[in-house]
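Heads up, the thing below is written out as C-alpha coordinates.
The values are calculated or read from the model by the stated rules, or taken from the named source; none is laboratory data. Everything numeric in this text was worked out from a predicted model, so none of it was measured. Note that we place each Cβ from the backbone using ideal geometry, even for glycine, and neighbour counts take in every protein chain shown. Only protein heavy atoms, including side chains, enter the accessible area calculation; ligands, DNA and RNA are left aside. Shrake-Rupley method; radii C 1.70, N 1.55, O 1.52, S 1.80 Å.
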Amino acid sequence: MNKVADRINCKSLSGNFFPEDHIKSLMFKLVKQDGNFVYKGAWGDIHPTFGVNVSDIAGRRLQDIFSEEVVRQKLPFYEKCWEGEEVKYSGMLEQFSFLVFLVPVKDNGCVTEISGTVMDITNLKKNEDKLFNSEKLALVGQLAAGIAHEIRNPLTSLMGFTKILLELNKDQQLTGQYLGIMQSELERIRNIVNEYMQLAKPQIVAGEWESVCLELLIRDVLRLEETQALMKSIEFDVHIEAGMPPIRGKANKLKQVFINLIQNAIESMERGTIKITLSRYQEEMVKVSIADKGCGIPEEKLSNLFTPFYTTKANGTGLGLSVCKKIIDDHQGRIEIRSMENGGTIASVMLPIQHDNEQS
(Lines give C-alpha, C1' and ligand atoms only; values in the text may rest on other atoms or scores of the structure.)
Protein backbone atom coordinates (compact mmCIF):
# COMPACT_ATOMS: atom_id res chain seq x y z
CA MET A 1 0.00 0.00 0.00
CA ASN A 2 1.33 3.44 -0.98
CA LYS A 3 1.72 6.05 1.68
CA VAL A 4 0.00 9.36 1.26
CA ALA A 5 2.94 11.43 0.07
CA ASP A 6 1.32 14.71 0.37
CA ARG A 7 1.03 18.19 -0.05
CA ILE A 8 -1.22 17.96 2.96
CA ASN A 9 -1.32 21.21 4.93
CA CYS A 10 -2.87 21.15 8.37
CA LYS A 11 -3.83 24.06 10.57
CA SER A 12 -5.45 24.29 13.98
CA LEU A 13 -8.97 25.65 14.34
CA SER A 14 -10.69 27.31 17.27
CA GLY A 15 -14.31 28.06 17.99
CA ASN A 16 -17.41 26.23 16.83
CA PHE A 17 -17.31 25.11 13.23
CA PHE A 18 -19.69 22.37 12.15
CA PRO A 19 -20.03 22.36 8.35
CA GLU A 20 -23.22 20.99 6.88
CA ASP A 21 -22.01 20.72 3.29
CA HIS A 22 -19.75 17.67 3.27
CA ILE A 23 -19.61 14.83 0.78
CA LYS A 24 -17.89 12.07 2.67
CA SER A 25 -17.12 11.41 6.30
CA LEU A 26 -14.95 8.90 8.11
CA MET A 27 -14.76 7.85 11.76
CA PHE A 28 -11.70 6.19 13.22
CA LYS A 29 -10.19 5.13 16.54
CA LEU A 30 -6.54 4.88 17.49
CA VAL A 31 -4.41 4.16 20.52
CA LYS A 32 -0.85 4.93 21.51
CA GLN A 33 1.48 1.94 21.73
CA ASP A 34 5.24 2.15 22.33
CA GLY A 35 5.18 5.84 21.49
CA ASN A 36 3.36 5.30 18.19
CA PHE A 37 -0.24 6.05 17.27
CA VAL A 38 -1.91 2.89 15.95
CA TYR A 39 -5.32 2.72 14.28
CA LYS A 40 -7.82 0.33 15.86
CA GLY A 41 -10.19 0.65 12.91
CA ALA A 42 -12.12 3.01 10.64
CA TRP A 43 -15.72 3.29 9.45
CA GLY A 44 -17.25 5.28 6.63
CA ASP A 45 -15.88 6.69 3.38
CA ILE A 46 -12.26 7.44 2.63
CA HIS A 47 -11.64 9.90 -0.18
CA PRO A 48 -10.02 8.14 -3.20
CA THR A 49 -7.18 10.69 -3.06
CA PHE A 50 -5.78 8.89 -0.02
CA GLY A 51 -5.36 5.63 -1.94
CA VAL A 52 -6.35 3.45 1.06
CA ASN A 53 -9.42 1.41 2.03
CA VAL A 54 -11.21 1.26 5.37
CA SER A 55 -10.19 -2.38 5.75
CA ASP A 56 -6.51 -1.45 5.43
CA ILE A 57 -6.49 0.86 8.45
CA ALA A 58 -6.72 -1.47 11.46
CA GLY A 59 -3.40 -2.30 13.13
CA ARG A 60 -1.39 0.23 11.13
CA ARG A 61 0.66 3.00 12.60
CA LEU A 62 0.31 6.60 11.53
CA GLN A 63 3.64 6.41 9.67
CA ASP A 64 2.55 3.24 7.84
CA ILE A 65 -0.15 5.17 6.01
CA PHE A 66 1.11 8.73 5.74
CA SER A 67 4.36 10.17 4.49
CA GLU A 68 6.96 11.49 6.92
CA GLU A 69 5.98 15.10 6.21
CA VAL A 70 2.29 14.41 6.85
CA VAL A 71 3.06 12.56 10.10
CA ARG A 72 5.14 15.54 11.22
CA GLN A 73 2.13 17.82 10.68
CA LYS A 74 -0.42 15.52 12.29
CA LEU A 75 1.53 14.48 15.40
CA PRO A 76 1.10 17.72 17.40
CA PHE A 77 -2.70 17.44 17.09
CA TYR A 78 -2.74 13.77 18.11
CA GLU A 79 -0.36 14.38 21.02
CA LYS A 80 -2.51 17.26 22.22
CA CYS A 81 -5.59 15.05 22.13
CA TRP A 82 -3.76 12.23 23.95
CA GLU A 83 -3.10 14.74 26.71
CA GLY A 84 -6.86 15.09 27.15
CA GLU A 85 -7.94 17.99 24.93
CA GLU A 86 -10.48 18.01 22.12
CA VAL A 87 -8.81 19.08 18.89
CA LYS A 88 -10.09 20.46 15.60
CA TYR A 89 -7.86 21.02 12.59
CA SER A 90 -8.23 21.45 8.86
CA GLY A 91 -6.03 20.46 5.97
CA MET A 92 -5.77 20.04 2.23
CA LEU A 93 -4.55 17.19 0.05
CA GLU A 94 -4.29 18.20 -3.61
CA GLN A 95 -7.86 19.41 -4.41
CA PHE A 96 -9.40 17.73 -1.36
CA SER A 97 -10.17 19.87 1.71
CA PHE A 98 -10.96 18.18 5.00
CA LEU A 99 -11.84 18.92 8.62
CA VAL A 100 -10.78 16.63 11.47
CA PHE A 101 -12.26 16.36 14.98
CA LEU A 102 -10.27 14.46 17.63
CA VAL A 103 -11.91 13.52 20.95
CA PRO A 104 -10.04 11.81 23.82
CA VAL A 105 -11.76 8.74 25.31
CA LYS A 106 -10.97 8.40 29.01
CA ASP A 107 -11.13 5.59 31.54
CA ASN A 108 -10.71 6.58 35.21
CA GLY A 109 -9.37 9.95 34.10
CA CYS A 110 -6.74 8.56 31.75
CA VAL A 111 -6.92 8.72 27.96
CA THR A 112 -7.14 5.21 26.53
CA GLU A 113 -7.90 5.98 22.89
CA ILE A 114 -8.72 8.75 20.47
CA SER A 115 -11.97 8.89 18.54
CA GLY A 116 -11.69 10.88 15.33
CA THR A 117 -13.94 12.11 12.53
CA VAL A 118 -12.79 13.31 9.12
CA MET A 119 -15.21 15.39 7.06
CA ASP A 120 -14.88 16.29 3.39
CA ILE A 121 -15.49 20.06 3.13
CA THR A 122 -14.18 20.54 -0.40
CA ASN A 123 -17.40 22.07 -1.76
CA LEU A 124 -17.83 24.29 1.29
CA LYS A 125 -14.27 25.58 0.92
CA LYS A 126 -14.78 26.29 -2.79
CA ASN A 127 -17.94 28.25 -2.01
CA GLU A 128 -16.13 30.27 0.67
CA ASP A 129 -13.26 31.04 -1.73
CA LYS A 130 -15.71 32.04 -4.44
CA LEU A 131 -17.50 34.44 -2.07
CA PHE A 132 -14.19 35.91 -0.91
CA ASN A 133 -13.01 36.50 -4.49
CA SER A 134 -16.39 38.00 -5.44
CA GLU A 135 -16.05 40.56 -2.67
CA LYS A 136 -12.52 41.41 -3.81
CA LEU A 137 -13.69 41.74 -7.41
CA ALA A 138 -16.45 44.11 -6.30
CA LEU A 139 -13.76 46.34 -4.77
CA VAL A 140 -11.69 46.03 -7.95
CA GLY A 141 -14.77 47.07 -9.93
CA GLN A 142 -15.19 50.26 -7.94
CA LEU A 143 -11.50 51.06 -8.29
CA ALA A 144 -11.47 50.30 -12.02
CA ALA A 145 -14.54 52.47 -12.63
CA GLY A 146 -12.89 55.41 -10.86
CA ILE A 147 -9.59 55.06 -12.73
CA ALA A 148 -11.34 54.58 -16.07
CA HIS A 149 -13.43 57.70 -15.50
CA GLU A 150 -10.32 59.79 -14.83
CA ILE A 151 -8.52 58.44 -17.92
CA ARG A 152 -11.42 58.75 -20.36
CA ASN A 153 -11.46 62.54 -20.70
CA PRO A 154 -7.78 63.13 -21.59
CA LEU A 155 -7.87 60.01 -23.76
CA THR A 156 -10.80 61.40 -25.75
CA SER A 157 -8.93 64.66 -26.30
CA LEU A 158 -5.79 62.85 -27.48
CA MET A 159 -7.83 60.76 -29.91
CA GLY A 160 -9.51 63.89 -31.30
CA PHE A 161 -6.27 65.77 -31.89
CA THR A 162 -4.63 62.68 -33.40
CA LYS A 163 -7.51 62.39 -35.85
CA ILE A 164 -7.12 66.05 -36.82
CA LEU A 165 -3.36 65.66 -37.35
CA LEU A 166 -3.98 62.53 -39.39
CA GLU A 167 -6.32 64.47 -41.69
CA LEU A 168 -3.87 67.37 -42.01
CA ASN A 169 -0.93 65.11 -42.80
CA LYS A 170 -2.61 62.38 -44.82
CA ASP A 171 -0.54 63.29 -47.91
CA GLN A 172 2.72 62.80 -46.06
CA GLN A 173 3.12 59.03 -46.12
CA LEU A 174 5.48 58.48 -43.18
CA THR A 175 3.82 60.98 -40.85
CA GLY A 176 0.44 59.59 -41.75
CA GLN A 177 1.67 56.04 -41.02
CA TYR A 178 2.91 56.97 -37.56
CA LEU A 179 -0.21 58.93 -36.73
CA GLY A 180 -2.29 55.98 -37.92
CA ILE A 181 -0.45 53.72 -35.48
CA MET A 182 -0.95 56.27 -32.70
CA GLN A 183 -4.66 56.44 -33.44
CA SER A 184 -4.92 52.65 -33.47
CA GLU A 185 -3.14 52.33 -30.14
CA LEU A 186 -5.23 55.07 -28.54
CA GLU A 187 -8.33 53.26 -29.73
CA ARG A 188 -7.02 50.08 -28.14
CA ILE A 189 -6.38 51.89 -24.85
CA ARG A 190 -9.94 53.25 -24.90
CA ASN A 191 -11.30 49.74 -25.45
CA ILE A 192 -9.24 48.43 -22.56
CA VAL A 193 -10.51 51.21 -20.30
CA ASN A 194 -14.08 50.41 -21.31
CA GLU A 195 -13.54 46.75 -20.57
CA TYR A 196 -12.14 47.49 -17.13
CA MET A 197 -15.22 49.56 -16.39
CA GLN A 198 -17.20 46.37 -16.92
CA LEU A 199 -15.72 45.10 -13.66
CA ALA A 200 -18.22 47.36 -11.95
CA LYS A 201 -21.05 45.40 -13.60
CA PRO A 202 -22.05 42.17 -11.83
CA GLN A 203 -22.60 40.19 -15.05
CA ILE A 204 -23.53 40.34 -18.71
CA VAL A 205 -27.23 41.06 -19.11
CA ALA A 206 -29.32 38.63 -21.16
CA GLY A 207 -29.89 41.09 -24.01
CA GLU A 208 -26.16 41.30 -24.71
CA TRP A 209 -25.74 37.61 -25.66
CA GLU A 210 -24.98 36.75 -29.29
CA SER A 211 -23.93 33.77 -31.37
CA VAL A 212 -20.13 33.61 -31.44
CA CYS A 213 -17.94 31.62 -33.82
CA LEU A 214 -14.83 30.89 -31.78
CA GLU A 215 -12.78 29.94 -34.84
CA LEU A 216 -13.23 33.38 -36.42
CA LEU A 217 -12.72 35.12 -33.09
CA ILE A 218 -9.44 33.28 -32.40
CA ARG A 219 -8.13 33.95 -35.90
CA ASP A 220 -8.93 37.67 -35.42
CA VAL A 221 -6.99 37.64 -32.13
CA LEU A 222 -4.00 35.92 -33.75
CA ARG A 223 -3.90 38.58 -36.45
CA LEU A 224 -3.77 41.25 -33.74
CA GLU A 225 -0.96 39.44 -31.94
CA GLU A 226 1.01 38.46 -35.05
CA THR A 227 3.34 41.48 -35.06
CA GLN A 228 4.25 41.09 -31.40
CA ALA A 229 4.92 37.39 -31.95
CA LEU A 230 7.12 37.98 -35.01
CA MET A 231 9.25 40.47 -33.09
CA LYS A 232 10.16 37.61 -30.72
CA SER A 233 10.50 34.93 -33.43
CA ILE A 234 7.38 33.16 -32.15
CA GLU A 235 5.06 31.19 -34.41
CA PHE A 236 1.45 30.13 -33.86
CA ASP A 237 0.61 26.47 -34.44
CA VAL A 238 -3.19 26.42 -34.81
CA HIS A 239 -5.33 23.26 -34.72
CA ILE A 240 -9.09 23.71 -35.12
CA GLU A 241 -11.41 20.72 -35.10
CA ALA A 242 -13.78 20.61 -38.06
CA GLY A 243 -17.46 21.47 -37.59
CA MET A 244 -17.07 23.46 -34.38
CA PRO A 245 -20.47 24.67 -33.08
CA PRO A 246 -21.00 28.32 -32.11
CA ILE A 247 -21.26 29.40 -28.50
CA ARG A 248 -23.59 31.93 -26.94
CA GLY A 249 -21.84 34.90 -25.40
CA LYS A 250 -20.28 38.30 -25.94
CA ALA A 251 -17.62 38.34 -28.67
CA ASN A 252 -15.69 41.44 -27.57
CA LYS A 253 -15.40 40.15 -24.00
CA LEU A 254 -14.20 36.74 -25.11
CA LYS A 255 -11.72 38.44 -27.43
CA GLN A 256 -10.30 40.26 -24.41
CA VAL A 257 -9.80 36.90 -22.66
CA PHE A 258 -7.90 35.32 -25.54
CA ILE A 259 -5.81 38.44 -26.19
CA ASN A 260 -4.76 38.37 -22.54
CA LEU A 261 -3.92 34.65 -22.55
CA ILE A 262 -1.98 34.79 -25.82
CA GLN A 263 -0.07 37.89 -24.73
CA ASN A 264 0.88 36.08 -21.51
CA ALA A 265 2.18 33.19 -23.60
CA ILE A 266 4.18 35.52 -25.86
CA GLU A 267 5.67 37.39 -22.91
CA SER A 268 6.82 34.11 -21.33
CA MET A 269 8.96 33.12 -24.35
CA GLU A 270 11.92 34.47 -26.29
CA ARG A 271 11.30 32.32 -29.36
CA GLY A 272 9.54 29.12 -30.33
CA THR A 273 5.96 27.98 -30.96
CA ILE A 274 2.67 28.61 -29.20
CA LYS A 275 0.10 25.90 -29.88
CA ILE A 276 -3.56 26.96 -30.03
CA THR A 277 -6.19 24.22 -30.13
CA LEU A 278 -9.97 24.53 -30.52
CA SER A 279 -11.92 21.30 -30.04
CA ARG A 280 -15.07 19.76 -28.60
CA TYR A 281 -14.93 19.15 -24.87
CA GLN A 282 -17.19 16.53 -23.36
CA GLU A 283 -20.69 16.72 -24.89
CA GLU A 284 -21.89 20.25 -24.23
CA MET A 285 -18.75 22.38 -24.36
CA VAL A 286 -15.88 23.50 -26.54
CA LYS A 287 -12.33 23.96 -25.35
CA VAL A 288 -9.63 26.43 -26.35
CA SER A 289 -6.10 25.57 -25.21
CA ILE A 290 -3.10 27.88 -25.46
CA ALA A 291 0.16 26.05 -24.79
CA ASP A 292 3.52 27.81 -24.61
CA LYS A 293 7.04 26.62 -23.89
CA GLY A 294 7.99 29.57 -21.78
CA CYS A 295 9.35 30.07 -18.29
CA GLY A 296 6.32 28.56 -16.59
CA ILE A 297 4.87 29.40 -13.19
CA PRO A 298 6.06 27.98 -9.83
CA GLU A 299 3.57 25.56 -8.29
CA GLU A 300 3.11 27.63 -5.14
CA LYS A 301 1.86 30.58 -7.22
CA LEU A 302 -0.69 28.73 -9.35
CA SER A 303 -3.52 28.83 -6.81
CA ASN A 304 -3.38 32.66 -6.64
CA LEU A 305 -3.33 33.44 -10.36
CA PHE A 306 -6.99 34.52 -10.50
CA THR A 307 -6.79 36.60 -7.32
CA PRO A 308 -7.19 40.34 -8.03
CA PHE A 309 -3.92 42.31 -7.77
CA TYR A 310 -1.81 39.13 -7.63
CA THR A 311 0.80 39.04 -10.39
CA THR A 312 3.90 37.07 -11.33
CA LYS A 313 5.12 39.89 -13.60
CA ALA A 314 7.49 42.65 -12.50
CA ASN A 315 5.27 45.37 -14.02
CA GLY A 316 1.92 43.60 -13.92
CA THR A 317 -1.25 44.95 -12.33
CA GLY A 318 -2.61 41.58 -11.26
CA LEU A 319 -5.98 42.31 -12.88
CA GLY A 320 -5.68 40.54 -16.24
CA LEU A 321 -6.47 36.97 -15.22
CA SER A 322 -9.06 38.00 -12.61
CA VAL A 323 -10.91 39.90 -15.37
CA CYS A 324 -10.61 36.85 -17.65
CA LYS A 325 -12.07 34.58 -14.99
CA LYS A 326 -14.99 36.92 -14.37
CA ILE A 327 -15.79 37.02 -18.08
CA ILE A 328 -15.63 33.23 -18.42
CA ASP A 329 -17.70 32.76 -15.25
CA ASP A 330 -20.32 35.09 -16.75
CA HIS A 331 -20.37 32.77 -19.79
CA GLN A 332 -20.98 29.76 -17.50
CA GLY A 333 -17.59 28.39 -18.52
CA ARG A 334 -14.32 27.44 -16.85
CA ILE A 335 -10.75 28.66 -17.15
CA GLU A 336 -7.80 26.60 -15.95
CA ILE A 337 -4.06 27.22 -15.88
CA ARG A 338 -1.61 24.32 -15.71
CA SER A 339 2.08 25.12 -15.50
CA MET A 340 5.48 23.97 -14.33
CA GLU A 341 8.43 26.23 -13.62
CA ASN A 342 10.69 26.22 -16.71
CA GLY A 343 8.27 23.75 -18.29
CA GLY A 344 5.75 25.95 -20.06
CA THR A 345 2.11 26.76 -19.42
CA ILE A 346 -1.23 25.55 -20.77
CA ALA A 347 -4.21 27.88 -20.42
CA SER A 348 -7.56 26.21 -21.14
CA VAL A 349 -10.97 27.82 -21.56
CA MET A 350 -14.11 25.66 -21.64
CA LEU A 351 -17.36 27.24 -22.86
CA PRO A 352 -20.87 25.80 -23.31
CA ILE A 353 -22.06 25.42 -26.90
CA GLN A 354 -25.11 27.25 -28.22
CA HIS A 355 -28.23 25.14 -28.71
CA ASP A 356 -30.74 25.69 -31.50
CA ASN A 357 -33.31 27.18 -29.13
CA GLU A 358 -30.76 29.79 -28.01
CA GLN A 359 -30.25 31.38 -31.41
CA SER A 360 -29.96 35.17 -31.20
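Points worth noting:
- Per-peptide average of other Cβ atoms within 10 Å, ordering 238-249, 253-264 highest first: 253-264, 238-249
- Here residue 34 sits with roughly 150 square angstrom of accessible surface, probe radius 1.4 Å.
- Each residue of segment 62-74 is assigned a 3J(HN,Hα), and the resulting list reads 4, 6, 6, 9, 9, 5, 4, 5, 5, 4, 4, 6, 6 Hz, derived from the Karplus form 6.51 cos²θ - 1.76 cosθ + 1.60 (θ = phi - 60°), x at Gly and Pro.
- Accessible heavy-atom area order of 288, 118, 105, highest first, probe of 1.4 Å: 105, 118, 288
- Positive minus negative residues near residue 278 (Lys, Arg vs Asp, Glu; Cβ under 15 Å): +1
- Cβ-defined net charge surrounding residue 104, 10 Å radius [Lys, Arg +1; Asp, Glu -1]: -2
- Whole-percent carbon and sulfur share, accessible surface of segment 254-313, 1.4 Å: 47
- Probe 1.4 Å, protein heavy atoms only - accessible area per residue of segment 228-349 in square angstrom: 50
- Accessible area, probe 1.4 Å, largest first, for residues 340, 92: 340, 92
- Listed pairs 250/275; 29/80; 232/325; 275/301 exceeding 18 Å between Cα atoms: 250/275; 232/325; 275/301
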